[in-house]
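See below for the structure under consideration.
Every read-out reported here was derived from the displayed coordinates using simple, explicitly stated rules and does not represent laboratory data. Model, not experiment: these values are computed from the prediction. Heads up, the Cβs are rebuilt from the backbone with ideal geometry, glycines too, and the neighbour counts pull from every protein chain shown.
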Amino acid sequence: MAVVDRFVQPIQSSEDVVRVRQITRERAVAQGFSLVDQTKLVTAASELARNTLEYGGGGEVTVETLNDGGRKGVRLTFSDKGPGIENVELALKDGYTTGNGLGLGLSGAKRLSNEFELHSKPGEGTRVMIARWR
Amino acid sequence: MEKIPILRMGRFLLVTIQVDMHDRLALQLQDDLTDRIVKDRAHGVLIDISSLEVVDSFIGRMISNIAAMASVLDARTVVVGMQPAVAITLVELGLSLEGVRTALNVDKGMELLREEVAAAGRV
């Protein structure tokens, strides 16, 4: 699998969350995603970018366009050096939140993606990778 | 500071969201709308989201909040123009927009608002 293009976007403000949505949309369009697939990926990106900002205290996202033998995809890796997630299983449950959101961010982003990986260590931070293929 | 304009049409307030809102802007709209419902003694609010390409859980919650606050202030809310791709994504995300009335376009939305307001005996 080849990484065609890589871009790192800092996430330090709610304006940056908007930028993450725009960059994700741009890459999804360039990879030939259908409108529904674009919307799903951008929505997942928005949820995770907000998590990075609100719970991780800011961080960054690496946006990559992928080509796997002609199959085209977009991969987003969000990372922060925040407090981390105590109970990953619980954090992935619909409706569970330690903040004041709806608790749909992580679980929703997982449903909207083809691939999902979550690594977190209390005190060290969180890394969430999602990918969606055309 | 940037703001989403709120137009008044008789007893109704009309909002067309045409920018990709960051979270503070969405919260600002929520506050502004509640203020205006009281100030203008509005009976209904119509929110046109036909230009919105993404409705995530935050924007979804804002829409539900506006409808709930408007309801407490004796005003009805109708959301119109949701793009099909947005609707599909919302459902998969797990958001149901409970308590929010929706219509396909502004015309149908205004019709629905008038009916609702009439049914509530506030012509």
- Message: Can you report the principal axis dimensions of the protein assembly as shown using only the alpha carbons, biggest first, rounded to whole angstrom?
- Response: 63, 40, 34
- Query: Roughly speaking, what is the centre-to-centre gap between region B:33-67 and region A:26-102 when only Cα atoms are used, to the nearest Å?
  - Reply: 26
- D for region A:92-134, whole µm²/s, Stokes-Einstein with Kirkwood Rh over alpha-carbon pairs at 25 °C and 0.890 mPa s: what number? 215
- Task: Measure nothing but the geometry: give the 0 to 90° angle between the long axis through the Cα atoms of B:106-119 and the longest principal axis through the Cα atoms of chain B, rounded to 10°.
- Result: 40
- Task: Would you mind computing, in nm to one decimal, how far apart the modelled labels at A:VAL29 and B:VAL106 are, each placed 7 Å from Cα along Cα→Cβ?
- Result: 2.4
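About the Cα centre of the protein assembly as shown, what is the dipole size in debye to 20, counting +1 per Lys and Arg Cβ and -1 per Asp and Glu Cβ, all else neutral? Walk me through the numbers on the way to the answer.
Working: 31 positive and 34 negative charges, 67 e Å.
Taking the Cα centre of the protein assembly as shown as origin, the dipole is about 320 debye.
What pairs in A:LYS40/A:LYS121; A:LYS40/A:LYS93; A:LYS93/B:LYS39 have C-alpha atoms more than 31 Å from each other?
Numbers: A:LYS40/A:LYS121 28 Å; A:LYS40/A:LYS93 19 Å; A:LYS93/B:LYS39 41 Å.
Violating the 31 Å Cα-Cα cut-off are A:LYS93/B:LYS39.
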- Task: Choose one answer from A:ARG25, A:ARG50, A:ARG71: the residue with the largest mean-square fluctuation in a GNM of chain A with alpha-carbon springs under 10 Å.
- Result: A:ARG71
- Message: Quick check on the exposure proxy: order A:VAL128, B:VAL54, B:VAL38, A:VAL74 from fewest to most C-beta atoms within 10 angstrom.
- Response: B:VAL38, B:VAL54, A:VAL128, A:VAL74
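Convex hull over the alpha-carbon atoms of chain A: what's its volume per residue in Å³?
On the way: hull volume 12.7 nm³, N = 134.
Measuring per residue, one finds 95 Å³ for the Cα hull of chain A.
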- Shielding of B:56-63 by partner chains, average beta-carbon count, 10 Å: 6
- Cα lying deepest toward the dipole's positive end in chain B, options B:VAL91, B:ASN105, B:PHE58, charges on Cβ: B:ASN105
- Message: If I fit a long axis through the Cα atoms of helix B:84-93 and take the longest principal axis of the Cα atoms of chain B, what angle between them do I get, 0 to 90°, rounded to 10?
- Response: 70
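Quote the relative contact order of chain A in percent (integer), defining contacts as alpha-carbon pairs under 8 Å separated by 6+ residues. Display every interim value, and only then the final one.
Working: 287 pairs, mean separation 36.5, N = 134.
Once normalised by length, the contact order is 27 percent.
Pop the C-beta distance of B:ARG122 and B:VAL19 into the FRET formula with R0 = 35 Å and round what comes out to the nearest 0.05.
Details: r = 32 Å, r/R0 = 0.92.
My answer for the efficiency is 0.65.
Place a +1 charge on the Cβ of each Lys and Arg in chain A and a -1 charge on the Cβ of each Asp and Glu, then give the dipole magnitude about the Cα centre in debye, rounded to the nearest 20. Don't jump to the answer; show the numbers that get you there.
Details: 18 positive and 17 negative charges, 85 e Å.
So the dipole magnitude of chain A works out to roughly 400 debye.
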- Compare the peptides B:90-103, A:11-24 by average per-residue count of other Cβ atoms within 10 angstrom and give them in order, highest first. A:11-24, B:90-103
